[in-house]
Protein chains: 2
Amino acid sequence: MSDTVPRPSKPSRPTGRAKPRQSDIARAAGVSQATVSLVLRGTESGVVLAAETRRRVLRAAEELGYVPDPVATRLAAARNGMLGLYTFSTTFPTDVAHSYYPVLVGVEEEAAAQGQDLILFTGASRAADTTSHAAAVRRVRAADGCLFFGRHVPDDPIRRLSDDGFPFVYIGRRDEPGISYVGADYVAASAEVAVRIAEQGHRRVRYLRENDDAPASTDRERGVVEGARGAGIETAGLVERTDGGDVDARLARWRDAGVTAVITEETDTGAALSGLTAAIARAGLSCPGDLSLALLGTPAAPAGAALGTAGEISGFSVPMREMGRAAVRLLLDLIEGTPTPRRHLLLACAPVPGTTIGPPPPAR
Amino acid sequence: MSDTVPRPSKPSRPTGRAKPRQSDIARAAGVSQATVSLVLRGTESGVVLAAETRRRVLRAAEELGYVPDPVATRLAAARNGMLGLYTFSTTFPTDVAHSYYPVLVGVEEEAAAQGQDLILFTGASRAADTTSHAAAVRRVRAADGCLFFGRHVPDDPIRRLSDDGFPFVYIGRRDEPGISYVGADYVAASAEVAVRIAEQGHRRVRYLRENDDAPASTDRERGVVEGARGAGIETAGLVERTDGGDVDARLARWRDAGVTAVITEETDTGAALSGLTAAIARAGLSCPGDLSLALLGTPAAPAGAALGTAGEISGFSVPMREMGRAAVRLLLDLIEGTPTPRRHLLLACAPVPGTTIGPPPPAR
DNA sequence: CTGAAAGCGCTTACAG
DNA sequence: CTGAAAGCGCTTACAG
């Protein structure tokens with residue numbers, strides 16, 4: 001609690017020439033500090049300043065090299081032009097090819113385009129317990145609003161922000177009501193993949209998903225099942241769950257049962273995908289010659305390598321960068337109180353043709 | 001000036017249930033707000049609180065879910081646990097394989113490890129003119145201290161921060177006196193590469209550097225020249241500059257003059273490297289069969305591809321991630337006023353053996 | 001059209 | 001050992 005803010009060994013207040021404040025300008029221009037504030041922030045509440053006063057103040061500000069103190073500005077109940085980004089789970093896309101990285105890029109691009117700075121709240125990684133999570137989330141208020149990101153999010157601290165009317169948006173669909181988010185339309189994209197597989201003639205298919213109930217996983221399963229049903233793929237036994245460690249045995253069983261295509265999903269762990277591709281490699285199978293393979297989501301690293309496949313894995317790609325950008329825009333709408341902003345946004349995923357879907361092999 | 005802070009259409013102050021402040025705790029615990037502040041921040045100035053008082057305050061704080069407001073904390077002249085990161089040049093490592101990305105990762109890792117949040121100042125990209133740069137740099141004061149990063153940095157706004165005693169450190173060596181930085185030891189690493197080439201028997205070599213006078217480029221040239229001189233490589237005509245567009249003609253000339261090895265450098269533009277590898281490919285040369293090739297710095301993307309070379313380009317790698325981490329630590333030392341911190345740090349670069357250095361081909 | 005005042009939530013001497 | 005006061009630099013009604 002009290003350790004949220006590190007304690008300085010000595011005051012870190014600037015020791016050299018002080019930076020100019022509004023009161024310095026006021027003195028130089030012969031007006032009050034409040035007047036300086038008014039001309040510097042523009043003419044908002046209908047207040048009209050004498051042109052001559054404006055000019056004097058502006059000139060003094062220019063001469064003194066004044067720039068408003070963002071901290072004081074924020075404390076005085078205005079905005080400070082900073083957006084927060086809070087990432088749950090392993091904080092940062094450490095791996096260059098981390099699947100979250102493009103989101104970060106999108107967020108940064110749009111923030112820059114909108115003239116907003118970004119605060120990266122790094123609290124998530126350390127905060128194992130709920131208490132510190134609560135503390136970490138609270139810090140978020142230093143910004144005008146905040147983006148949340150990650151599959152598993154502690155509900156409680158967030159609800160508190162929500163109750164307080166603090167503006168925030170999730171990147172990724174959420175089930176909690178009343179929360180703004182920008183997500184990917186996994187249902188539609190996943191259904192489309194199932195249809196594509198059916199069109200090649202597959203009827204017995206498996207969907208190997210991770211043992212994880214994040215909304216994204218739920219949506220994908222729903223899409224696969226709906227797509228399969230509509231396209232004539234058997235739905236009995238279609239869905240299986242894994243942690244990634246037991247795929248060899250499954251694969252053998254599937255082959256024996258006449259399964260000709262497998263769909264899996266990409267998550268932040270990548271467990272299902274890496275487990276599956278490794279098992280396929282160990283079994284000496286080739287895709288799509290022996291088995292068609294599809295992936296729901298963009299792989300963090302080119303996953304084809306493990307398969308000996310030169311091309312991409314078929315499936316769809318998640319518009320992560322665009323999600324980041326859209327989330328920033330939505331957040332700004334919320335902060336600005338734009339009337340009836342769209343609070344839920346589901347972005348379409350582009351199909352990835354890839355090279356791993358083909359017709360089923362002749363029956364063994 | 002006045003547009004540095006976006007103006008809100010309406011106040012964004014939370015409308016719902018207010019978050020607890022110190023005064024709320026004070027009321028609940030039956031003490032003054034100042035006392036709350038003292039127990040919450042710990043016992044600094046020798047003040048000793050009654051254990052019973054401490055307990056009451058702590059319990060009330062716990063019950064109310066109090067977390068200090070970082071903005072108010074900062075304004076009241078203490079630290080706020082935020083470190084700034086200001087990137088010059090094209091703001092963000094947009095490309096996944098952007099050469100700056102590992103630095104960002106290192107900064108984030110160490111910041112998280114130290115319990116600091118990170119403010120990404122995105123101002124750099126937009127700010128073409130000096131004025132807005134000044135404004136953008138000034139915003140940096142919202143943080144306890146700031147990291148600067150990028151080859152080309154406007155001196156003026158920075159000097160101002162320096163005069164004011166604001167703590168900051170550069171990532172990358174600087175020539176300006178009195179400024180803290182964490183850089184890479186390009187001189188030593190570049191000399192080592194020249195020596196390695198000499199050891200293979202090369203005597204006539206070219207160093208193709210970019211037409212850019214950043215300290216990193218200066219250091220590399222110095223290292224190459226010193227290494228070459230010490231190892232018996234001809235230094236006359238050794239160094240050439242390019243913008244990347246005219247390499248074909250040079251390459252032909254070099255070959256005619258009996259040049260058997262070429263060294264180039266990696267920068268944020270990558271112009272010299274991409275120009276050179278393209279020219280080598282067009283000339284149908286192979287490395288190191290026809291020509292040995294070395295690179296000073298880590299390529300943003302695997303550059304071997306353009307060469308048809310499977311392996312890495314020989315040279316050295318810049319410890320970017322570690323630079324990021326070290327910079328954070330140094331900055332914290334500065335902020336905390338640690339006595340005589342090391343203000344200049346030059347990290348060693350690891351040699352990359354690679355596959356593009358070999359003995360010279362038999363004379364034509 | 002401008003000034004004086006209060007307040008944002010905290011820290012920090014300074015008195016008691 | 002604790003309280004009352006001033007102040008960080010700004011914004012925002014509210015008076016004149």
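The values are calculated or read from the model by the stated rules, or taken from the named source; none is laboratory data. Predicted model, so just to flag it, every value in this text is computed and none were measured. Glycine gets a Cβ as well: all are built from the backbone with ideal geometry, and neighbour counts include every protein chain shown.
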Original post:
Quick one: is B:GLY270 in contact (Cβ under 8 Å) with a residue 60 or more places away in the chain, on the phi > 0 side of the Ramachandran plot and of a type outside the set (A, V, I, L, M, F, W, C)?
Top reply: yes
Residue count, segment B:263-305, condition within 17 Å of B:ALA189 (Cβ to Cβ), outside any loop (DSSP other than H, G, I, E, B) and not small (Gly, Ala, Ser), comes to 7
Within segment A:164-193, of all residues that are under 13 Å from the mean Cα position of the chain (by Cα) and in a loop (DSSP other than H, G, I, E, B), the one farthest from the other protein chains (Cβ to nearest Cβ) is A:ARG173
Restricting segment A:8-23 to residues that are in contact with a helix residue (DSSP H, G or I) (Cβ under 6 Å, 6 or more places away or on another chain) and modelled with pLDDT of 80 or more, the one nearest to B:ARG141 (Cα to Cα) turns out to be A:PRO20
Go through the residues of segment B:331-339 one by one and say whether even a single one is over 16 Å from the mean Cα position of the chain (by Cα), under 30 Å from B:GLY258 (Cα atoms) and polar (S, T, N, Q).
no
Within segment B:46-69, restricting to residues that are within 11 Å of DNA strand C (Cβ to nearest atom) and at pLDDT 80 or above, the one that is surrounded by the most Cβ atoms within 10 Å (Cβ to Cβ) is B:TYR66
When restricted to B:LEU208, B:LEU147, B:LEU161, the only residue in a strand (DSSP E or B) and either within 14 Å of another protein chain (Cβ to nearest Cβ) or among the small types (Gly, Ala, Ser) (or both) is B:LEU147
The residue from B:GLY237, B:GLY223, B:GLY230 that alone is assigned by TED's automatic domain parsing to the domain that holds B:LEU296, modelled with pLDDT of 90 or more and assigned to a loop (DSSP other than H, G, I, E, B) is B:GLY237
Considering segment A:70-127, residues that are within 16 Å of DNA strand D (Cβ to nearest atom) and in a helix (DSSP H, G or I), and then whichever is modelled with the lowest pLDDT, we arrive at A:PRO70
Per the list (1) surrounded by fewer than 19 Cβ atoms within 10 Å (Cβ to Cβ); (2) not assigned by TED's automatic domain parsing to the domain that holds A:THR277, residue check on A:PRO167 breaks on (1)
Checked pairs for segment A:55-79, first facing another protein chain (nearest Cβ under 9 Å), second outside any helix (DSSP H, G or I) and loosely packed, with under 15 Cβ neighbours inside 10 Å, C-beta under 6 Å and 6 or more apart or across chains, list as A:ALA77/B:PRO11; A:ALA77/B:ARG13
